[in-house]
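If you scroll down you'll find the structure; I have some questions about it.
The values are calculated or read from the model by the stated rules, or taken from the named source; none is laboratory data. The structure displayed is predicted, hence computed values, not measured ones. With ideal geometry, Cβ positions are generated from the backbone for all residues, glycine too; neighbour counts draw on all protein chains shown. The protein model used for the area step is the full one, side chains on, heavy atoms only, and it has no ligands, DNA or RNA in it. Shrake-Rupley method; radii C 1.70, N 1.55, O 1.52, S 1.80 Å.
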Amino acid sequence: MISKVTQHIKNIAIDKERIKTKKDFLISNYGVNNSFECTRKLVVYLRLINLLNIEKKSILDLGCGFGIFTRFLSLIGNEIEALDHFEEALNFAKENNKSLTNIKYTCADIYEYQLEKNKYDLVFASEFHPFTRNYYNNNEEKKEKYHEKIMTNIYHSLKDNGHLIISHNP
C-alpha cells in the first residue's frame, strides 16, 4: 500500500513538471472538455448564482485554464478577469474567446499576484484547488503559509457583499 501511495505522489510531481513545460501534455490531460458534464456544471453554477442573488458586474475566474467557464461568465457578467498560471492554457482561452470583449486575461501565480482590493462581486474557482494544494511543497515557508495567503488575497479582493464559489470534482 505504501508503495502505491509513494508512486502516486511521484506521478503527481512528474505531471506538474510536464504541465509547466509541455503544451500537448497540458491539453491532453487537463484541456478543453465540451462534455455534457461541463454543461451540467454550468447550469448548476447559474442556479447557485441566481439563488444567492449574486451581483455580476465584476467577476474573477481564478484558475481559468482553457476558458470554458470564462466564456459562460462573460455572458452573465460585465467585467471578467481570467487568471491562470499556465500561459499555454491562457493563450488557448484568448483565441477561443476572442469575440468576447469583456474578458481581461492575466497570466500570474496567485501566490505572488496581488489582487485588487474590493474589486469583485464574484470570485469563481473551478478545479483550482488541486493545482495549488501542493504546488509549493519544495519551499517550507510557502508550504506552511500559502493557503492562508491565497485565501486572504481572495477575501480582500471581494466587495462587501461579494461571493467566493469553489468547485472541485472529487
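Can you flag which of Lys56/Lys159; Lys41/Lys159; Lys104/Lys145 are past 20 Å Cα-Cα? The partial results should precede the final answer.
Values: Lys56/Lys159 11 Å; Lys41/Lys159 25 Å; Lys104/Lys145 28 Å.
As for pairs spanning more than 20 Å Cα to Cα, those are Lys41/Lys159; Lys104/Lys145.
Another question, if that's okay. Please give, to one decimal in nm, the separation of the simple spin-label points placed at Ile76 and Glu112, each 7 Å out from Cα toward the Cβ.
With each label placed 7 Å out from Cα toward Cβ, I get 3.3 nm.
Under a 1.4 angstrom probe, counting protein chains only, how are Thr70, Thr152 ranked by accessible area, largest first?
Result of the area sort, largest leading: Thr152, Thr70.
Follow-up question, since we're still on this one. Give me the number: length gained by fully extending Leu48 to Ile166, i.e. 0.36 nm times residue separation minus the C-alpha to C-alpha distance, one decimal in nm.
Result: 41.3 nm gained on full extension.
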